[in-house]
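Following: one structure in structure tokens, then a few remarks.
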Amino acid sequence: RARLPRPQHQPARTQLAVTQPRRAAQPRTSSPTATSSPTATSSPTATTTNTPVPTATTSPQAPQLSFAASASIVAEAISSAAIEVRLSAPYHQPVSVVFATAPGTARPRLDYQSTAGTLTFAPGTTSAFIAVPIIDDTRDEAPESFTVELSAAQNAALIGNRHTVSIDDNDAARVRIQDVSVKEGDSGWRDAVVNITFDVPLGRAIELEYRAARGT
């Protein structure tokens, strides 16, 4: 077999590069992120503040008010009768009471001076005095009396509202007997009138006992 000679030059092979059109890159759209709903903010916790409750303070019970005694005796020569009024216990507020004198057998302006007013106890005290002027006359009198009365007590309970004051007279009358002379006469009886006097005026009836005694 005859061999055909190989051509010296082979025709150039043309390679066709087929380029496929690239798709335009589409922008990536990320799926919308789920936005969580705003977290519910809890309302601020109410803080309870313990307000101190004022403690009820019980005020001390009002004391009782009365005269220290229901009656007293004073000498007529004394310038003033001091009548004591008392509280059963001290009190933290002032205590007051109205007082006034009232006549009895003793007479105002002759035996004593009418008196009225308000007696006040300072806080913490339990005793106070009412002063009533006594008139010292020159009459011989039996014991005479008047009263002192209380009313309208403030911050106290009034339990004894009357006090009797007796005035002891200091003018004891002295008896004076005057001498008398009579003529005897020749017959019958003649009265000898004896005058009896007192050194002070009498404010009461006085009874005297008498008898005749032998002399010369």
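The values are calculated or read from the model by the stated rules, or taken from the named source; none is laboratory data. Keep in mind that what you see is a predicted model, and the values were worked out from it rather than measured. Ideal geometry is used to build each Cβ from the backbone, glycine not excepted, and the neighbour counts take in all protein chains shown. The accessibility values were calculated without ligands, DNA or RNA, using every heavy atom of the protein model including side chains. Shrake-Rupley method; radii C 1.70, N 1.55, O 1.52, S 1.80 Å.
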Counting only residues that are under 27 Å from the mean Cα position of the chain (by Cα), open to solvent by less than 50 Å² (accessible area, probe 1.4 Å) and of a type outside the set (Gly, Ala, Ser), region 83-124 contains a total of 12
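For region 191-205, name all the residues that are assigned to a loop (DSSP other than H, G, I, E, B), at pLDDT below 75 and surrounded by 10 or more Cβ atoms within 10 Å (Cβ to Cβ).
199, 200, 201, 203, 204
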The residue from 137, 171 that alone is at pLDDT below 75, open to solvent by less than 50 Å² (accessible area, probe 1.4 Å) and within 18 Å of residue 78 (Cβ to Cβ) is 171
Of the candidates 154, 178, the one satisfying the condition of being modelled with pLDDT under 80 and either of a type outside the set (S, T, N, Q) or open to solvent by 90 Å² or more (accessible area, probe 1.4 Å) (or both) is 178
